[in-house]
Amino acid sequence: MPKIDEIEDTPNPNAKKFILKEPLTWGITRSFDNSGEAQSDPLAEALFEIEYVTNVFYVDRWITVTQDGRADWPELLRTLAVPIRAAPAADAHSAQLASAAAGDALLDLSPEDRQRLELISELLDREIRPYLQGDGGDLHVLGLEGNRLTVHYQGACGSCPSSMSGTLVAIENLVRSIEPDLEVLAI
């Protein structure tokens with residue numbers, strides 16, 4: 001059962017980031033945009049049962065919960081803390097699942113596109129993800145097709161106005177240092 005160490009504001013006024021003393025996963029990112037997606041995840045399912053919750057995102061030792069903007073944060077935080085504290089901590093099996101999932105994403109790509117995506121991912125891991133994760137979110141690469149890189153913002157970044165404007169432009173400019181014709185599309 002993870003204990004909450006700290007609760008942080010994010011750049012998105014409708015999202016809060018819970019820092020935990022124990023991990024929920026070992027490197028496996030869990031992101032849910034609605035209760036239907038959360039049916040296979042007991043923690044996310046419990047959080048979506050709470051009125052006003054619109055997004056749940058967690059990985060390792062932190063979880064970000066986004067609300068619809070109508071809830072009073074102090075009251076909502078007390079309610080959210082109950083299922084977060086009741087969630088089981090990560091187990092060793094998480095690491096195996098993470099490495100299997102990472103391998104599956106590359107199976108459909110040609111060797112050339114695999115290499116391109118690996119270079120792009122290394123750049124994103126180094127220059128973008130630490131900042132997004134620090135703000136309670138992340139970026140998931142959905143695919144690479146021709147000169148189009150498709151990404152999906154997660155957690156606090158998913159509904160943050162600056163993600164879809166400034167951050168997306170910064171990401172596109174960064175990846176263009178590798179491939180000048182690359183277009184980045186957020187879904």
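The values are calculated or read from the model by the stated rules, or taken from the named source; none is laboratory data. Fair warning: this is a prediction, and the values are worked out from it, not measured in the lab. FYI the Cβ positions are ideal-geometry reconstructions off the backbone, even for glycines, and counts take in every protein chain you see.
Overview of results
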| read-out | value |
| --- | --- |
| Single condition ASN55 does not satisfy, out of (1) surrounded by 16 or more Cβ atoms within 10 Å (Cβ to Cβ); (2) free of Cβ contacts under 8 Å to residues at least 60 places away in the same chain | (2) |
| Top-ranked residue of the range 136-169 - restricted to ones that are of a type in the set (A, V, I, L, M, F, W, C) and exposed (fewer than 15 other Cβ atoms within 10 Å of the Cβ), ranked as nearest to PRO13 (Cα to Cα) | MET164 |
| Single residue of the range 1-52 satisfying the filter (within 15 Å of ASP138 (Cα to Cα) and among the charged types (D, E, K, R)) that is modelled with the lowest pLDDT | ARG30 |
| First in the range 14-37 and surrounded by fewer than 16 Cβ atoms within 10 Å (Cβ to Cβ), second anywhere and modelled with pLDDT under 95 and among the hydroxyl-bearing types (Ser, Thr, Tyr), Cβ under 7 Å, 6 or more apart | GLY27/SER94 |
